[in-house]
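Before any comments, here is the structure.
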Amino acid sequence: MTDAPVVLVTGASQGIGREIALAFAATGARLVLTARNRENLEETARLVADHGAEALVRCADVADPEDVERMATEALTRMGRIDVLICNSGVAGPTTVLWELEPEQWQQTMRVNVDGVFHCCRSLLPSMIERRAGSVVVIGSMSGKQPLHGRTPYTTGKLGLVGLVRTLALEVGEFGIRVNLISPGAVAGPRIDSVIAGQARVLGISDAEVRERLQDASPLHRLTEPREVAAAAVFLASPAAGAITGEDLNVSAGAVTY
């Protein structure tokens, strides 16, 4: 069995997840790529292969605990172990004031963004505990600390992940496992474009004004790039971050500093 670390990335079909997969591939890691969209996952796998890296593609819905358990079992069987778990899967959820939300909109956002992290950790941590080694990196959001109007479900879930990570780091530290969270800022790409459009609608202003507000919140006057979040994930999972656990790392171009 190769000594290259095995990294499992959820939500690897596009956006930040794809960038994280490519960043780990560039380090020589072996990858397990999972998401719901097989076509997009296969495209990520092709890009990973361009780096000469091995990738196992397995569709799974992180909101479904049985599906996650099957995915984890296959990954461990095929790859032998999981050294790094990247919990990146997430949905943007609705953009509207709380009292106009349907319960299902709230629940679906929580099922993916919070329960999905729980299911993945629950399924994969036992094998890390047995080996007494491993790293978990959860992708949160700066909106958990600096909320956006009309984004209550998303914000609630992302702040909840901070508590999950801090507590889990305490629970698994004795087994040599580290758990950290990244809080990206507004990340350039199709998802933030959709969020900006929703913000413009509920605030009654233009998309351009919302984008300008997001950029002006940063001392660098720009959005965060997906590759910058990916670089942070590679660092947190690496031996260079061996003394870092239970942390919430802002990668927000300075938009949030606490």
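Annotations for the structure displayed:
- Candidates are the residues of the range 146-176 that are of a type in the set (A, V, I, L, M, F, W, C) and under 18 Å from the mean Cα position of the chain (by Cα); the one that is farthest from Arg111 (Cα to Cα) is Ala169.
- Among residues of the range 112-153, those that are surrounded by fewer than 18 Cβ atoms within 10 Å (Cβ to Cβ) and either touching a residue at least 60 places away in the same chain (Cβ under 8 Å) or over 28 Å from Arg81 (Cβ atoms) (or both), counted: 3
- Residues that are under 22 Å from Ala92 (Cα atoms) and modelled with pLDDT under 95 occur in the range 174-186; there is at least one.
- Sole residue being at pLDDT 95 or above and in a strand (DSSP E or B), chosen from Val117, Val136: Val136
- Exactly one residue out of Ser143, Ser127 is assigned to a helix (DSSP H, G or I) and under 15 Å from the mean Cα position of the chain (by Cα): that is Ser143.
- Residues that are among the basic types (Lys, Arg) and touching a Leu at 6+ places or on another chain (Cβ under 8 Å), drawn from the range 112-154: Lys145
- Some residue of the range 215-227 being at pLDDT below 95, within 21 Å of Lys158 (Cβ to Cβ) and among the hydrophobic types (A, V, I, L, M, F, W, C): yes
- Gly52 being surrounded by fewer than 19 Cβ atoms within 10 Å (Cβ to Cβ), at pLDDT 95 or above and either touching a Pro at 6+ places or on another chain (Cβ under 8 Å) or not hydrophobic (A, V, I, L, M, F, W, C) (or both): no
The values are calculated or read from the model by the stated rules, or taken from the named source; none is laboratory data. Owing to the predicted nature of the structure, the values given are computational and were not obtained by experimental measurement. Ideal geometry is used to build each Cβ from the backbone, glycine not excepted, and the neighbour counts take in all protein chains shown.
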